[in-house]
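Worksheet for the structure shown next.
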């Protein structure tokens, strides 16, 4: 069993803070820890007999009080694998969504779990991997309770001077943000709500968080993705971010329209490296910036031999974790 | 114990052939298979008490005949972990290199192991991860026998028309190449020899394989890396490739000067996608092309939801595998 949440960190985003420093005390790889997690009593979570998550013992103590909804299978039963199964009495997307929502609302009303104080009234899709059809949708603040795969978009808004110098618009998160207040962020970013397309979500975030015009939004370019698995007080967070580059005219200035970003500044690539190493970025935004710096050839492998380690860690194999 | 090599594939590069197709029958993730490999009798290989490889049982039957060089530790002995340890009688880089070379020369003379028929007279550095100092160097054709981490460079040579259309120079490997004869390849690629820098190696390959001038070589841009682990008749191959983009003038034509590439053709991005899906590329070159297509926004996540899976699989966590 799990003794404390602190011995349960899979992949902290710490390494991005030590970038350009030594290779000492790098954290171990994700998948080894996934095995350890199972040994420590985390329970695979199944919907329609497909694994979609991992429930930590300290959250299971709450869910096990709803045995009509969450059923513990201790040993393989026919095709059913050991773990927690959402009851098959709830047969489709709508019924599953409704019953899980009911349980979460009850736990929230009792103030049983801290994460639910951050209730967002926004749902995430639940599926074994990104390519498949969703099996249900779950309130965003609860996804860590089930270790669900989460998705989001991050947009690198950058300018290129006549001489070719790149600068990037970096946001500072509002001091009142629930998570990582007052830390540096990409120009725009946000979670992918249930039912929304990836590009559609990127456009929405650019409009809400930086007031980018429709004309400029047509320049949004998908350029890759990152995946990582971390843990915090909200639970287990296996997360992937779709990354977009957006080249902006030099006279553009982002204006936040939803109150999530406190201010913006236009930084050189060298300033961004300094901010990453100083730990001033929200960790996953540091990873997105690092990916930008790599793709745009601002860091090389001869002068920073740890880079390959970071690139691998930024692409944890989450899409195959629950297969 | 291992029944046959065919049940021992970690990550085939097969998924790149099924790109843009369904999510069916995707291979499992690397690290799970690493655990299975240990269960099946593969032995961690240590030098100076640091793991640098993994020895398959069918290769160990040869190495165990040299007990003064390769020592099997069955249970933890003090700080020594179970596995095969290169004898500490060989104290430094030079002594270790010499003794392993002597064993390999003997096995080659006896024709004991098929891989050694591909003797290259080129050494690879042996280290627990890319950032550390090498502990010895080993003949290239033997690296699969020890499951050593291997590194190489791949160069995307591309042109951009006045209208902005990208095309990429694709090589067809010589029909007499030891490995993957007559398959499609990147413009230039090659293994990283012991003691050579990454950029230095990329320049050398561009000169030898495509006759790129010094002036054009100054445009070489490091843009990332990929990592994967596969197995073939040569053994266990955990491999990482440093990727470079090289924008070329439209009147440039690559000319092979070392006989490794049979011919070159300039393909559109759409033609390259077709060749990837048709399985005409050497698998890791398909991955390098896929990485190029993603970074340059020719594929997106809405129309190809499997893409995230492929991106993760192209970045297997090899740098932390032997830590």
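The values are calculated or read from the model by the stated rules, or taken from the named source; none is laboratory data. These numbers were taken from a predicted model, which means no experiment stands behind them. Note: ideal-geometry Cβ built from the backbone for every residue, glycine included; neighbour counts use all protein chains shown.
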### Message
If I filter region B:189-198 for residues that are in contact (Cβ under 8 Å) with a residue 12 or more places away in the chain and over 18 Å from the mean Cα position of the chain (by Cα), do I get at least one hit?
### Response
no
### Message
Any residue at all in region A:76-94 that's over 14 Å from residue A:53 (Cβ atoms), in the same structural domain as residue A:51 (by TED's automatic domain parsing) and touching a residue at least 60 places away in the same chain (Cβ under 8 Å)?
### Response
no
### Task
Quick one: which residue in A:138, A:153 is within 16 Å of the chain's Cα centre (by Cα), crowded, with 16+ Cβ neighbours inside 10 Å and within 14 Å of another protein chain (Cβ to nearest Cβ)?
A:153
### Query
Within region A:271-297, can you find the residues that are out of contact with any strand residue (DSSP E or B) (no Cβ under 8 Å at 6 or more places or on another chain) and in a loop (DSSP other than H, G, I, E, B)?
A:278, A:279
### Query
In region B:249-260, is there at least one residue being in contact (Cβ under 8 Å) with a residue 12 or more places away in the chain, touching a strand residue (DSSP E or B) at 6+ places or on another chain (Cβ under 8 Å), in a helix (DSSP H, G or I) and more than 8 Å from chain A (Cβ to nearest Cβ)?
no
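Residue-by-condition table, conditions (1) within 16 Å of residue B:320 (Cα to Cα); (2) assigned by TED's automatic domain parsing to the domain that holds residue B:90; (3) out of contact with any strand residue (DSSP E or B) (no Cβ under 9 Å at 6 or more places or on another chain); (4) surrounded by fewer than 19 Cβ atoms within 10 Å (Cβ to Cβ):
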| residue | (1), (2), (3), (4) |
| --- | --- |
| B:35 | yes, no, yes, yes |
| B:52 | yes, yes, no, no |
| B:55 | no, yes, no, no |
| B:61 | no, yes, yes, yes |
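Filter region B:177-201 down to the residues that are outside any loop (DSSP other than H, G, I, E, B), surrounded by 15 or more Cβ atoms within 10 Å (Cβ to Cβ) and within 14 Å of chain A (Cβ to nearest Cβ) and list them by number.
Looking only at region B:177-201, we keep the residues that are outside any loop (DSSP other than H, G, I, E, B), and these are B:184-185, B:188-191, B:198-201.
Subsequent filtering for residues that are surrounded by 15 or more Cβ atoms within 10 Å (Cβ to Cβ) retains B:184-185, B:188-191, B:198-199, B:201.
Across region B:177-201, the qualifying residues are B:198, B:199, B:201.
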### Task
Could you pull out every one of the helices (runs of 4 or more DSSP H) wholly within region A:28-133 that has 1 or more residues that are modelled with pLDDT of 95 or more?
A:57-63, A:93-109
## Note on the structure
Selection over region B:217-244 where residues are touching a helix residue (DSSP H, G or I) at 6+ places or on another chain (Cβ under 8 Å) and either in a helix (DSSP H, G or I) or within 14 Å of chain A (Cβ to nearest Cβ) (or both) yields a count of 17
## Note on the structure
Looking across region A:103-116 at residues that are closer than 17 Å to residue A:140 by Cβ and in contact (Cβ under 8 Å) with a residue 12 or more places away in the chain, the single one that is surrounded by the fewest Cβ atoms within 10 Å (Cβ to Cβ) is A:114
### Query
In region A:234-256, what residues are more than 30 Å from residue A:55 (Cα to Cα) and either assigned by TED's automatic domain parsing to the domain that holds residue A:108 or within 23 Å of the chain's Cα centre (by Cα) (or both)?
A:244, A:245, A:246, A:256
### Query
Restricting attention to region B:276-304, and to residues there that are away from every other protein chain (no Cβ under 14 Å) and surrounded by fewer than 18 Cβ atoms within 10 Å (Cβ to Cβ), which single residue is modelled with the highest pLDDT?
B:280
